[in-house]
Amino acid sequence: MGTSYRAMLAEVRLNLACRLLVDSSKPLSDVAKFLGYSSASSFSRTFARLMKVQPVVYRRQQLAGKRRQASHRI
């Protein structure tokens with residue numbers, strides 16, 4: 001049997017959330033609203049459950065990694 005609609009939606013939302021957290025400076029409340037969550041706290045709980053890290057921590061880690069990569073290119 002294939003992937004359920006619910007599982008597919010969760011995967012798409014998670015992938016988009018990761019991109020938005022790294023590629024934009026939007027507040028978590030805006031990211032949550034854009035992805036269809038009822039609140040930033042609901043988004044944060046779901047993201048943390050799936051990614052094993054809070055969204056603000058994920059954003060900070062990913063941006064730090066981007067800065068390190070950029071400094072190595074110089």
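Among Val31, Val53, which comes first, second and so on when ranked by fewest other beta-carbon atoms within 10 Å? It would help to have the intermediate numbers written out before the result.
Working: Val31 22, Val53 13.
Starting with the residue having the fewest Cβ neighbours, the order is Val53, Val31.
Considering the values (1) 1.05; (2) 0.94; (3) 1.71, which represents Rg/Rh (Cα atoms, Kirkwood Rh) as calculated for the structure under consideration? Among (1) 1.05; (2) 0.94; (3) 1.71, the one derived from this structure is (1).
Coordinate-derived values only; no laboratory data. Quantities reported herein were computed from a predicted structural model and do not represent experimental measurements. Backbone-built Cβ (ideal geometry, glycine too); neighbour counts: all protein chains shown.
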